[in-house]
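Okay, so here's the structure we're looking at.
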Amino acid sequence: MKTEIILLGHGSRRAEANQGLLVVAEKVSSLLGQHVTPAYMAHDKPSLPEAVAEKIKEGASRIIIMPLFLFRGIHVTVDIHEELRELREQHPDVEIVYTRELGADDGIAGLASERIKEAMG
């Protein structure tokens, strides 16, 4: 079973903002030892459907989609699920797995603390 990974970000009209997702995808790829494909909800390419179609074209039978979102807003709770429902209907032979968002995790709290400490000097 060939498994592919997609890291899904919101996307921005500002190209510099979208660059962050590319950097995180590269870092996650390095940590996992497996290629991670960045995709965007809006404003940049590839979109989630485009990324999924490409992974299937490359032979994926299982695709893990990780939303790089902090909390359970409208995209995480509704919009992405609507896209996933359509994708699953279009590709019933492919297992599409959706992970949890980043959430109120200790790692996020630790990173926020580090940023605050940096500002405090």
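The values are calculated or read from the model by the stated rules, or taken from the named source; none is laboratory data. Model, not experiment: these values are computed from the prediction. Counting neighbours? That spans all protein chains shown, and the Cβs are built from the backbone with ideal geometry, glycine included.
Give the residues of segment 23-50 that are out of contact with any Asp or Glu (no Cβ under 9 Å at 6 or more places or on another chain), hydrophobic (A, V, I, L, M, F, W, C) and not in a loop (DSSP other than H, G, I, E, B), sorted by residue number.
V23, V24, A25, V28, L31, L32
In segment 30-56, what residues are closer than 16 Å to R14 by Cα and acidic (D, E)?
The one that is closer than 16 Å to R14 by Cα and acidic (D, E): D44.
Is one or more of the residues making up segment 14-22 farther than 18 Å from R100 by Cα, outside any loop (DSSP other than H, G, I, E, B) and among the polar types (S, T, N, Q)?
Step one: of segment 14-22, the residues farther than 18 Å from R100 by Cα are 14-20, 22.
Still in the list and also outside any loop (DSSP other than H, G, I, E, B): 15-20, 22.
Next, from what is left, pick out any that are among the polar types (S, T, N, Q): 18-19.
For segment 14-22, residues farther than 18 Å from R100 by Cα, outside any loop (DSSP other than H, G, I, E, B) and among the polar types (S, T, N, Q): present.
Give S30, S47, S12 a once-over and let me know the one that is without any contact (Cβ under 8 Å) to a residue 24 or more places away in the chain, among the polar types (S, T, N, Q) and surrounded by 15 or more Cβ atoms within 10 Å (Cβ to Cβ). Break it down stepwise before answering.
On the way: S30 fails: surrounded by 15 or more Cβ atoms within 10 Å (Cβ to Cβ); S12 fails: without any contact (Cβ under 8 Å) to a residue 24 or more places away in the chain.
The conditions single out S47.
Could you tell me whether segment 78-93 includes any residue that is out of contact with any His (no Cβ under 8 Å at 6 or more places or on another chain), within 22 Å of E26 (Cβ to Cβ), modelled with pLDDT under 95 and of a type in the set (D, E, K, R)? Break it down stepwise before answering.
Our first condition is that a residue be out of contact with any His (no Cβ under 8 Å at 6 or more places or on another chain); within segment 78-93, this holds for 78-93.
Going one step further and asking which of them are within 22 Å of E26 (Cβ to Cβ), we end up with none.
Within segment 78-93 (the criterion being out of contact with any His (no Cβ under 8 Å at 6 or more places or on another chain), within 22 Å of E26 (Cβ to Cβ), modelled with pLDDT under 95 and of a type in the set (D, E, K, R)), the answer is no, since none of the residues qualifies.
Can you confirm whether segment 50-66 contains a residue that is surrounded by fewer than 16 Cβ atoms within 10 Å (Cβ to Cβ), more than 21 Å from E95 (Cα to Cα) and either aromatic (F, W, Y) or over 12 Å from the mean Cα position of the chain (by Cα) (or both)?
The answer is no, given that none of the residues of segment 50-66 is surrounded by fewer than 16 Cβ atoms within 10 Å (Cβ to Cβ), more than 21 Å from E95 (Cα to Cα) and either aromatic (F, W, Y) or over 12 Å from the mean Cα position of the chain (by Cα) (or both).
Restricting to segment 68-121, give me the number of residues that are touching a residue at least 40 places away in the same chain (Cβ under 8 Å), assigned to a helix (DSSP H, G or I) and of a type in the set (V, I, T).
Total satisfying the criteria: 1.
Is it true that A39 is over 10 Å from the mean Cα position of the chain (by Cα) and on the phi < 0 side of the Ramachandran plot?
Details: over 10 Å from the mean Cα position of the chain (by Cα): no; on the phi < 0 side of the Ramachandran plot: yes.
Against the criterion (over 10 Å from the mean Cα position of the chain (by Cα) and on the phi < 0 side of the Ramachandran plot), A39 does not qualify.
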